[in-house]
Amino acid sequence: FVVSNSLQGLAGSAILALFVVAVAILAVVISARAISDPIRTLAETSESFAAGRLSTRAAVDRRDEIGALAQAYNQMAAQLQEMIGKLEQRVADRTKYLEGQTLRLRVAAEIARDAASARSLDELLDRTAELICSRFGFYHAGIFLLDNDKVYAVLVAAPTEAGKKMIENKHRLRVGQIGIVGRVAATGE
């Protein structure tokens, strides 16, 4: 009788122990998944960002350490995206600036080439004003030279009809007078 009761108690204890172990294993599996799934999702988000999809962000739906990690990741991703955007804009601005410099150098080379073949100063100045208008897309350009006394900047070349009329009327501006031509004539800059 004692052995029989002991065996029944032992069997009950063994079943209870197996049940507790099964519940513990189930709890560990559920806990592990609750931790590993969000981390795996965060890792996939990071891989997507690294692949060039810069607008990818992690879902922040937890208030624990994993949620804090996702939030920190999103802040870092936003800062990186902003920095990359600024760098791209700087590259675009610099490229535009260099294209402008290249255009100016090309026009200067054309003017130098024409200077070598020009028969007179007037022909050279007319061609130069024409090139400046056409290459830079200006509606008007004028070339001024200082008179002998260096008191006036005299318009000597302009490719437009209005400019040609101004040349016929002997258009001139006083050196140092308010305006870009007068200031440039005065300062040489």
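Counting other C-beta atoms within 10 Å, and keeping those with at most 14, which DSSP coil trypsin sites (Lys or Arg not before Pro) do you find in the stretch 104-161?
Those satisfying the criteria are R119, K150.
What is the magnitude of the charge dipole of the stretch 78-144 about its Cα centre, with +1 placed on the Cβ of each Lys and Arg, -1 on the Cβ of each Asp and Glu, and no other charges, expressed in debye to the nearest 20?
200 debye
Picking from M83, L69, A141, whose Cα lies most toward the positive end of the charge dipole for the chain (charges on Cβ: Lys, Arg +1; Asp, Glu -1)?
A141
Carbon and sulfur together cover what percent of the accessible area of the chain at a 1.4 Å probe radius?
Reported share for carbon and sulfur atoms: 61 percent.
Under 5 Å between amide H atoms, partner at least 5 residues away or on a different chain: which partners does A58 have, H built in plane at 1.01 Å?
Here the answer is N74, since their amide H atoms fall under 5 Å of that of A58.
Most mobile of A14, A34, A108 per a Gaussian network model of the chain (Cα springs, under 10 Å)?
A14
For F19, tell me the accessible area in Å² from a 1.4 Å probe, rounded to the nearest 10.
The value for F19 is about 130 Å².
Would you please give the residues with an amide H less than 5 Å from that of A157, counting only those at least 5 places away or on a separate chain, with H modeled from the backbone geometry?
I143
What is the Å³ per residue value for the convex hull set by the Cα atoms of the stretch 111-174?
94 Å³
In the stretch 1-132, with Lys and Arg counted as +1 and Asp and Glu as -1 at Cβ, which of these residues, I15, L103, V3, has the Cα nearest the positive end of the dipole, that is, farthest along it?
V3
What's the magnitude of the charge dipole for the chain around its Cα centre, counting Lys and Arg as +1 and Asp and Glu as -1 at the beta-carbon? Answer in Debye, nearest 20.
For the chain, the charge dipole is close to 320 debye.
Over every pair of different alpha-carbon atoms in the stretch 1-111, take the mean of 1/r and invert it; report that Kirkwood radius in Å.
For the stretch 1-111, the Kirkwood estimate is 20.0 Å.
Treating the beta-carbon of each Lys and Arg as +1 and of each Asp and Glu as -1, no other charges, what is the dipole magnitude of the stretch 97-189 about its Cα centre, to the nearest 20 debye?
Here the stretch 97-189 has a charge dipole of around 140 debye.
For K86, which lysines qualify as cross-link partners when the Cα separation must be under 27 Å and same-chain residues fewer than eight apart are set aside?
Hits, sequence-local ones excluded: K96.
So what is log10(I(q)/I(0)) for the stretch 146-185 at q = 0.23, 0.28, 0.30, 0.31 1/Å, when the Debye sum runs over its Cα atoms only?
One equal scatterer on each Cα of the stretch 146-185 leads to -0.73, -0.92, -0.97, -0.99.
Please compute the per residue accessible area over the chain with all protein chains in place, 1.4 Å probe, rounded to a whole number of Å².
I get 75 Å² per residue for this part.
Through the Karplus equation 6.51 cos²θ - 1.76 cosθ + 1.60, θ set to phi - 60°, convert the phi angles of the stretch 144-157 into ³J(HN,Hα) values in whole Hz; use x for Gly and Pro.
Result, rounded to whole Hz: 10, 10, 6, 6, 4, 8, 6, 9, 10, 9, 9, 5, 10, 8.
With viscosity set to 1.306 mPa s at 10 °C, what whole-number translational diffusion coefficient in µm²/s follows for the chain from Stokes-Einstein and a Kirkwood radius over Cα pairs?
In µm²/s, the coefficient rounds to 63.
Quick one: how many Å² of M166 are accessible to a 1.4 Å probe, rounded to 10?
Counting only protein heavy atoms, the figure is 70 Å².
Ranked from the most accessible area to the least, with a 1.4 Å probe and all protein chains present, what is the order of E65, E110, E130?
From most accessible down to least: E65, E130, E110.
Given the C-alpha atoms of the stretch 60-124, compute the convex hull and give its volume per residue in Å³.
Roughly 66 Å³ of hull volume per residue.
The values are calculated or read from the model by the stated rules, or taken from the named source; none is laboratory data. Please read all numbers here as calculations on a predicted model, not as lab measurements. Note that we place each Cβ from the backbone using ideal geometry, even for glycine, and neighbour counts take in every protein chain shown. These area figures cover heavy atoms from the full protein model, side chains too; ligands, DNA and RNA do not enter into them. Shrake-Rupley method; radii C 1.70, N 1.55, O 1.52, S 1.80 Å.
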